[in-house]
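Working notes for the structure below.
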Amino acid sequence: MVVGFEKAVSATKSVVTSAKKAPTTLSSDRVINFARGDPTMYESYWRQMGEKCTVVISGHNLMSYFSNAGHFCWFLMPELDRAIRRLHCVVGNAVVDDDRYIVVGNGSTQLFQAVLYALSSSYDPDTEPLSVVAAAPFYSSYPEETEFLRSGLYKWAGDAYSFDKDGAYIEVVTSPNNPDGAIREAVVNRDGGKLIHDLAYYWPQYTPITGKADNDIMLFTFSKATGHAGSRIGWAIVKDIEVATKMVKFMELSSIGVSKESQLRAAKILEVISDDCQNSAPDKEENFFEYGLRLMSDRWEKLREVVKRNGVFSLPKYPQDYCNFIGKYTDPSPAFAWLKSKDGLNCDNLLRELKIVTRGGTNFGVDSNYTRISMLSPDEEFNLLLERLSAIQGTIINGNN
């Protein structure tokens, strides 16, 4: 066992030295970045779709600010509104009845800011800012996004598990959770609380779809649903028209709406996915979510095998559940691997010595023996990750005998 700081450092150096000398085919000069959640692994699927998702826009199209001047969300393209509602109905992961309001944003990051404004602006400005909390490990960007504008309306108040302040608050519930993939519910559960449900990863390739989410405010993002992060499209499903209207006002003042070109592209791709999911032909090919689940399941199986062999790290275990969309029991395959060092070493630093960049546990409100690894990288990089993790096999144990 590693005991104390000096032994931990010594063990880390032992691991690194042994890994560098291991007889593998990895490129010793290349740094591979797994800190970002850039979903480029889906590129091969969309390439094989050919022209099915092509959108042609002429020079005279889409020139107005307005998409639907009479609609509360006047910059939301009707085509995208319909495509979002249809896809959620097809997948069965969220309630999108006519009394639910869709707000489109420049990714879910902007929508998160819009929700914070909408929920806090009705409180007395003379009182102290509204507390914003999330249960650790929480998404690493929540604290920075909450504090970035230095708003007098709200402030980051840390881990929901340790929050004991009376009065109004906002709790962010991410399910499946980023970084650890766990299915989450609210923690604080006190009078005066408002909830934001971040459901970016509640799609069949990441987790079994067990029912339709029906929360007051639900955030989704095009980037994690389909892999098209560069389009910068996110959407919120909101029950309260007053909250939705305030969110639209925030969007109006911060960016005067959302690109129509991006919205039309997103609408087209979402419609193609829905069409493929509803295709009942006997010779049909696997739809996008079946493809994604197969790929993610394969990656998780390979990563678990490597981690099991090297004896240095551990990974969370997730229970199987029945997926209503797939029609059978499936294993969760989260978008991120929540890696833990068994001997209490700084996991992020250890991997950086092997030229693997990750995002360490302290960014998520927990200890440094955890780190987050993206599972969404291209095949070449993911295979390189497996090689380098395999190179560590047994060295920590041997180095501490």
When restricted to 67, 108, the only residue surrounded by 15 or more Cβ atoms within 10 Å (Cβ to Cβ), among the hydroxyl-bearing types (Ser, Thr, Tyr) and assigned by the TED database to the domain that holds residue 228 is 108
Does any residue of segment 367-379 turn out to be more than 17 Å from the chain's Cα centre (by Cα), more than 25 Å from residue 293 (Cβ to Cβ), outside the structural domain of residue 91 (by the TED database) and touching a residue at least 60 places away in the same chain (Cβ under 8 Å)?
yes
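So if I check each of 183, 217, which one is within 18 Å of the chain's Cα centre (by Cα), modelled with pLDDT of 95 or more, surrounded by fewer than 22 Cβ atoms within 10 Å (Cβ to Cβ) and β-branched (Val, Ile, Thr)? I'd like the intermediate steps shown before the answer.
Working: 217 fails: surrounded by fewer than 22 Cβ atoms within 10 Å (Cβ to Cβ).
Just a single option satisfies the conditions, and that option is 183.
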If I filter segment 20-34 for residues that are modelled with pLDDT under 95, in a helix (DSSP H, G or I) and open to solvent by 50 Å² or more (accessible area, probe 1.4 Å), do I get at least one hit?
yes
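For segment 186-198, which residues satisfy the criterion of being open to solvent by 10 Å² or more (accessible area, probe 1.4 Å) and closer than 19 Å to residue 243 by Cα?
As a first pass, look at segment 186-198 and keep what is open to solvent by 10 Å² or more (accessible area, probe 1.4 Å): 186-195, 197-198.
Hits for segment 186-198 are 191, 192, 193, 194, 195, 197, 198.
Take the residues of segment 260-283 that are of a type in the set (S, T, N, Q) and open to solvent by 50 Å² or more (accessible area, probe 1.4 Å): which is nearest to residue 203 (Cα to Cα)?
Out of the qualifying residues, it is 278.
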Quick check on residue 167: is it open to solvent by 10 Å² or more (accessible area, probe 1.4 Å) and without any contact (Cβ under 8 Å) to a residue 40 or more places away in the chain?
yes
Please specify each residue of segment 245-284 satisfying the condition of being of a type in the set (D, E, K, R) and not in a helix (DSSP H, G or I).
283, 284
Give segment 314-343 a look and list any residue that's of a type in the set (Gly, Ala, Ser) and surrounded by 17 or more Cβ atoms within 10 Å (Cβ to Cβ), or say none.
333, 335, 337, 341
How many residues does segment 232-247 hold that are within 23 Å of the chain's Cα centre (by Cα) and surrounded by fewer than 22 Cβ atoms within 10 Å (Cβ to Cβ)?
2
Would you confirm, using the coordinates I've provided, whether residue 311 is open to solvent by 10 Å² or more (accessible area, probe 1.4 Å) and modelled with pLDDT under 95?
yes
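Looking at residue 60, is it of a type outside the set (Val, Ile, Thr), modelled with pLDDT of 95 or more and not in a loop (DSSP other than H, G, I, E, B)? I'd like the intermediate steps shown before the answer.
Working: of a type outside the set (Val, Ile, Thr): yes; modelled with pLDDT of 95 or more: yes; not in a loop (DSSP other than H, G, I, E, B): no.
Criteria not met by residue 60.
Can residue 96 be described as part of a loop (DSSP other than H, G, I, E, B), touching a strand residue (DSSP E or B) at 6+ places or on another chain (Cβ under 9 Å) and in the same structural domain as residue 160 (by the TED database)?
yes
Are any of the residues in segment 147-159 under 23 Å from the mean Cα position of the chain (by Cα) and open to solvent by less than 10 Å² (accessible area, probe 1.4 Å)? Please lay out each step first, then the result.
Residues of segment 147-159 under 23 Å from the mean Cα position of the chain (by Cα): 147-149, 155-159.
From the residues that got through so far, the ones that are open to solvent by less than 10 Å² (accessible area, probe 1.4 Å) too are none.
The answer is no, given that none of the residues of segment 147-159 is under 23 Å from the mean Cα position of the chain (by Cα) and open to solvent by less than 10 Å² (accessible area, probe 1.4 Å).
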Select from segment 307-342 the residues that are out of contact with any strand residue (DSSP E or B) (no Cβ under 9 Å at 6 or more places or on another chain) and among the β-branched types (Val, Ile, Thr) and list them in ascending order.
326
When residue 81 is run through (1) crowded, with 20+ Cβ neighbours inside 10 Å; (2) touching a residue at least 60 places away in the same chain (Cβ under 8 Å), the failure sits at (2)
So residue 98 clears everything in (1) under 20 Å from the mean Cα position of the chain (by Cα); (2) more than 17 Å from residue 270 (Cα to Cα) except one condition, right? Which one?
(1)
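The values are calculated or read from the model by the stated rules, or taken from the named source; none is laboratory data. Only a predicted model underlies this, so the values are computations on that prediction, with no experimental measurement involved. Heads up, the Cβs are rebuilt from the backbone with ideal geometry, glycines too, and the neighbour counts pull from every protein chain shown. Heavy atoms of the whole protein, side chains included, go into the accessibility calculation; ligands, DNA and RNA do not. Shrake-Rupley method; radii C 1.70, N 1.55, O 1.52, S 1.80 Å.
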